[in-house]
Amino acid sequence: VCPLGGGVLIGAAGFWVCPGTAAQYGWLCALGGVVAGFSLLRLLNHYVQPVCPDCSPDHDHAACSQSLHGFSAPLFAAASLHSFFDGWSLGVAQQSSQQLRLALLSGIGIHKVPEGIALGVLFLAATGSAWKAWLSCAAVQSVMAIGCLLAVAAAPHFGPSLISALLSIAA
């Protein structure tokens, strides 16, 4: 499920968001933003918290009674940050062209289905409780609305260059 969700986002970014940003602001801005976004993700993954559950701190989980004990708080924080920026990207896109708005809405919307399933499985393993997993997923995904509302409020104060840069980084 995780590779499917990632593949959807990569496809939307590569075939829709980047070309749309490039058409409006040039390929240098579009590709520069993608490089900046990947670099930021790499730095967070290496120095702050592993983004991928497979890269999480390694100890013998087989000896534990709960498969991902101690992982729910970092997962919640990372997934909430991810959802915030999904919403932020949607909000910022409202100040852009119709093509970019549709690209981000479609890419993020389709991506949320496998992401939600993957988060549910991870939260279930981390908490050991179905209702805690459902509640955690709902809370994480609701952060997207906060990001979107903040971006809609702030984006009118950004110039077209900053909006383009932010959308490139989102891609």
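The values are calculated or read from the model by the stated rules, or taken from the named source; none is laboratory data. Source: prediction; values computed, not measured. Note that each Cβ is placed from the backbone with ideal geometry, even for glycine, and that neighbours are counted across all protein chains shown. Accessible surface areas use protein heavy atoms only, side chains included; no ligands, DNA or RNA. Shrake-Rupley method; radii C 1.70, N 1.55, O 1.52, S 1.80 Å.
Side notes on the structure shown:
- Given (1) open to solvent by 30 Å² or more (accessible area, probe 1.4 Å); (2) at pLDDT 85 or above, index of the condition LEU119 fails: (1)
- ALA151 being closer than 17 Å to LEU105 by Cβ, in a helix (DSSP H, G or I), under 18 Å from the mean Cα position of the chain (by Cα) and at pLDDT 85 or above: yes
- The sole residue among LEU135, LEU104 that is closer than 29 Å to ALA73 by Cα and more than 16 Å from the chain's Cα centre (by Cα) is LEU135.
- Reported count of residues in the stretch 1-43, each being out of contact with any Gly (no Cβ under 8 Å at 6 or more places or on another chain), at pLDDT below 75 and surrounded by 14 or more Cβ atoms within 10 Å (Cβ to Cβ), is 5.
Residue-by-condition table, conditions (1) closer than 18 Å to GLY7 by Cα; (2) part of a helix (DSSP H, G or I); (3) open to solvent by 20 Å² or more (accessible area, probe 1.4 Å); (4) out of contact with any His (no Cβ under 8 Å at 6 or more places or on another chain):
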| residue | (1), (2), (3), (4) |
| --- | --- |
| LEU81 | no, yes, yes, yes |
| ALA103 | yes, yes, no, yes |
| ILE110 | yes, yes, yes, yes |
| GLN141 | no, yes, yes, yes |
| SER164 | no, yes, no, yes |
